[in-house]
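Below: the structure, in structure tokens.
The values are calculated or read from the model by the stated rules, or taken from the named source; none is laboratory data. Keep in mind that this is a model prediction, so the values were computed, not measured. For neighbour counting, all protein chains shown are included, and Cβ atoms are generated from backbone atoms with ideal geometry for every residue, glycine included.
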Amino acid sequence: LQPKSMENSTQVKLFYLFGLQETFNNKSVYFILSLITYLLIITVNLTLILTIIQEKGLHEPMYIFLCSLCVNGLYGTAGFYPKFLLDLQSDVQVISYSGCFTQAYVIYTSVMCEISTLTVMSYDRYVAICRPLLYHTIVTSLTVRQLLLFSWCYPLFISVISLSLAIRIPLCGSRIDKIFCDNPSILKHACLPITINQIWSQCLLVVHVLQILFIVFSYCQIVRTCVKSSKGRIKFTQTCVPHLLTIFMFITVTLFDNLQGWNNVNITLNMRNAMAVQFLVIPPVLNPVIYGLNLKQIRRAVLRKFNTHKIFDMRC
């Protein structure tokens, strides 16, 4: 005999996104703001990526990892903004079964890739500041390729497992109380126990905590080394403070989204949406801006590029 909950299960073909129910009167305003934000994300990230690729002087590990961070920002936001902008123009917000799982996969992969890249960047800064004489021996071009491979392949592999565990569960509903799809929202409609999914999520949470602890340990060592000299303090301010700001913002917003995803947090829908979408707004915008403003090499390269274009336009 099938479980009683299976009697109500149906072949879900569409999911209904109810996250915009409280914004019907201001959808045009949200559309304009979201479009501006997305265009800003594309502009600042592409500017930094192209600058790092074109400037040979920026072909160093720190800038390569930063380039990877910006690529991930474009990847993650591409899984959210185009669909969200379409939803703001529609009376009914729906997404196909495959589309919902694809969106959940892209956003989840992007989140994990962000954490992995920030971990890799903290290791790079630790070696550069705490073991400067051994830096080029430890962080070789092969090491950089291996770290980049880790920061991308590990999240993609883990996300495939998470997606596979979610797809196998039959669903008894199709309502998503958010503006985008994610695993917790989908699995709330599971017709069968999701014990394996929850255990898997807890294991991943432990891995994320270990990554965060590694980042904290790295920066504790960096701070201890930097406070010993004025030159070290300047280097810490220029290269590490932006990284710490990025880490703090990202961990704060993703932690909230993860907690409210699995638990029913008693706040308004608009507030929940505003908090849930922060990791798709703040890091992609501020990562290139913070680094671009604080790292002299990048700032000079960007200004030089714009000045070159300005001189070329004047000659034309």
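Worth a mention:
- Selected residue (only one of Ile247, Ile194, Ile222 is β-branched (Val, Ile, Thr), surrounded by 12 or more Cβ atoms within 10 Å (Cβ to Cβ), under 22 Å from Ser159 (Cβ atoms) and in contact (Cβ under 8 Å) with a residue 40 or more places away in the chain): Ile247
- Some residue of segment 68-83 being in contact with a Cys (Cβ under 6 Å, 6 or more places away or on another chain), over 29 Å from Gln146 (Cβ atoms) and assigned to a helix (DSSP H, G or I): no
- Within segment 110-146, if we keep just the residues that are in a helix (DSSP H, G or I) and among the basic types (Lys, Arg), the residue that is nearest to Tyr75 (Cα to Cα) turns out to be Arg145.
- The residues of segment 178-198 that are assigned to a loop (DSSP other than H, G, I, E, B) and of a type in the set (A, V, I, L, M), listed by number, are Ile179, Leu192, Ile194.
- Qualifying residue in segment 168-177 (condition: of a type in the set (Asp, Glu) and under 30 Å from Ile234 (Cβ atoms)): no
- Which numbered condition Leu39 fails, given (1) modelled with pLDDT of 90 or more; (2) crowded, with 16+ Cβ neighbours inside 10 Å: (2)
- Residue match in segment 142-158 (condition: over 23 Å from Val207 (Cβ atoms) and more than 25 Å from the chain's Cα centre (by Cα)): yes
- Among the residues of segment 51-67, the ones that are free of Cβ contacts under 8 Å to residues at least 60 places away in the same chain and either in a helix (DSSP H, G or I) or among the hydroxyl-bearing types (Ser, Thr, Tyr) (or both) come to 3 in all.
- Every listed requirement among (1) assigned to a helix (DSSP H, G or I); (2) touching a Ser or Thr at 6+ places or on another chain (Cβ under 7 Å); (3) crowded, with 18+ Cβ neighbours inside 10 Å is met by Ile107 save one, (2).
- Count of segment 84-101 residues, restricted to those that are assigned to a helix (DSSP H, G or I) and within 18 Å of Ala276 (Cα to Cα), is 6.
- Number of residues in segment 160-177 that are of a type in the set (Ser, Thr, Tyr) and in a helix (DSSP H, G or I) equals 2.
- Of all residues in segment 90-102, none are farther than 28 Å from Leu171 by Cα and not acidic (Asp, Glu).
- Considering only residues in segment 124-166 that are charged (D, E, K, R) and free of Cβ contacts under 8 Å to residues at least 24 places away in the same chain, the one that is farthest from Val223 (Cα to Cα) turns out to be Arg145.
- Unmet requirement for Ile53, which otherwise passes all of (1) closer than 25 Å to Ile36 by Cα; (2) among the hydrophobic types (A, V, I, L, M, F, W, C); (3) surrounded by fewer than 19 Cβ atoms within 10 Å (Cβ to Cβ); (4) modelled with pLDDT of 90 or more: (1)
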